[in-house]
1. Calculate the spin-label point distance for Ser112 paired with Val355, positioning each point 7 Å from the Cα along the beta-carbon direction, and give it in nanometres.
2. Rank by packing, highest mean first: peptides 266-272, 309-315, with packing defined as the count of other Cβ atoms within 10 Å averaged across residues.
3. Counting alpha carbon pairs within less than 8 Å and at least 6 residues apart, what relative contact order, in whole percent, applies to the stretch 267-324?
4. Quick one: Cα convex hull volume of the stretch 269-382, Å³ per residue?
5. Pull up all non-local amide H partners of Glu318: gap of 5 or more, or a different chain, and H-to-H distance under 5 Å with H placed in the peptide plane.
6. Could you give me D for the stretch 181-376, from Stokes-Einstein at 4 °C and 1.567 mPa s, where the hydrodynamic radius is the Kirkwood radius over C-alpha pairs? Units µm² s⁻¹, please.
7. Roughly how many Å² is the accessible area per residue of the stretch 210-288, as a whole number, for a 1.4 Å probe?
8. Work out the FRET efficiency for Thr102 and Ser78 from their Cβ-Cβ distance, taking R0 = 30 Å, and round it to the nearest 0.05.
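The values are calculated or read from the model by the stated rules, or taken from the named source; none is laboratory data. Predicted, not measured: the structure shown is a model, and the values here were computed from it. Every residue, glycine as well, gets a Cβ built from its backbone with ideal geometry; the counts of neighbours run over all protein chains shown. We work out accessible area using only protein heavy atoms, side chains counted, and drop any ligands, DNA or RNA first. Shrake-Rupley method; radii C 1.70, N 1.55, O 1.52, S 1.80 Å.
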Amino acid sequence: MPSTTTNLMWIGKAPLFDSTPSTNIGQTQANAINGWTAEGSSGIRPVSVSGNYYTGSVGNHFNTSYQGTFFESPSRFSYDDPDTSAHVSNATINTFVQANFTITVHDADGNSHDVTQSGILMQTSSGDIFFRPSVSSLPEWNDIDRISKVVVSGVSPLPNSTYPATIGFSSSVYELTVVCFARGTELSTSTGSCAVECLQIGTMVKTKDNGMQPIRWMGSKRLTYKQLQANAHLRPIRIRAGALGTNLPRYDLLVSPQHRILVCSSIAQRMFGTNEVLVAAKQLLQLDGIDIASDIAEVEYFHILFDRHEIVFSNGAETESFFTGPEAIKAVGAAASEEIFAIFPELRTRDYRPVAARQLTSGRQARKLAVRHVQNRRSLVS
């Protein structure tokens, strides 16, 4: 019976959901867990748990006390109590159920999205409640401060005959799509319009402020049908031809939800003191011709990076290049981040702040801007 150390998400403490030792929880007791909510740093914390597990045909498993007779003995956990910091030794899993978890994740701009994942909820004999989605990867909880809320629903007991679930964590919970163009988007280059997937490092791309600029780094990510079904917040936004203004874009434009569009109008001037601001595409959904592309089965996103944040021409519309803010760097993944740091080592500096090509609007401000354009029947680009 090997031992391991695993990072779990602690989401509170409560009287034991199942007070009868060595018995599995029933549906009536499981129903009482529905609606369990944890919020903020006081209710959501990473905890490193040491425990024993069994190796079986479907992986490594932690065992509950009610499965002890089948598996010879239950798993025992040791960890530091998040409330009191006291060390807990040899706690067993008192409750072990399947559940859905709605996780609210926020970004640096104050925007947030909900991700629903199925997984395992555990309560130890000490009353501590832990969660970790039932998938295979086990990354560290470096970004747990981006999770502001967890809500439990759809709780169902696991019967005695159930092989204990593999406990893992999907990093897709943190996937905030960064500044990305969908495959097929045409950018203006020194040799004319070119599909983004045909660009490469060194290609000279036309920018609004600094003429032709070479691409310094490119990245891409393909999202399958299954991934889009499970993560609706990753679906691309479709901006119909002419939705931004006269002939802008020239033809339909697909971008990631976080991709910022240049808005140029007198309304922006009154609201922000400048007539040009950058607004995330997902904040413009109230306008005609801008919608979530729910008909897309799968998508491949591309992001391009220059020496500085730039405004480029995509299908004729003015949109941003990759912005090297800390959340965007995290979102591209560890390997891509290292590639970017190798080119721009200054980004590793904690107090480094990249300069945006235009003022960046918060989610609340952007939605207000969109409403005013709708109410006044004004184009986003005058």
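1. Inter-label distance under the simple model: 3.4 nm.
2. Values: 266-272: 16.7, 309-315: 22.0.
Listed from highest to lowest mean packing, they are 309-315, 266-272.
3. Working: 38 pairs, mean separation 12.4, N = 58.
Reported relative contact order: 21 percent.
4. On the way: hull volume 15.7 nm³, N = 114.
Measuring per residue, one finds 137 Å³ for the Cα hull of the stretch 269-382.
5. Correct list: Leu262.
6. On the way: Rh = 17.3 Å.
Answer, rounded: 75 µm²/s.
7. Heavy-atom SASA per residue in the stretch 210-288 reads 42 Å².
8. Numbers: r = 30 Å, r/R0 = 0.99.
E(calc), rounded to 0.05, equals 0.50.
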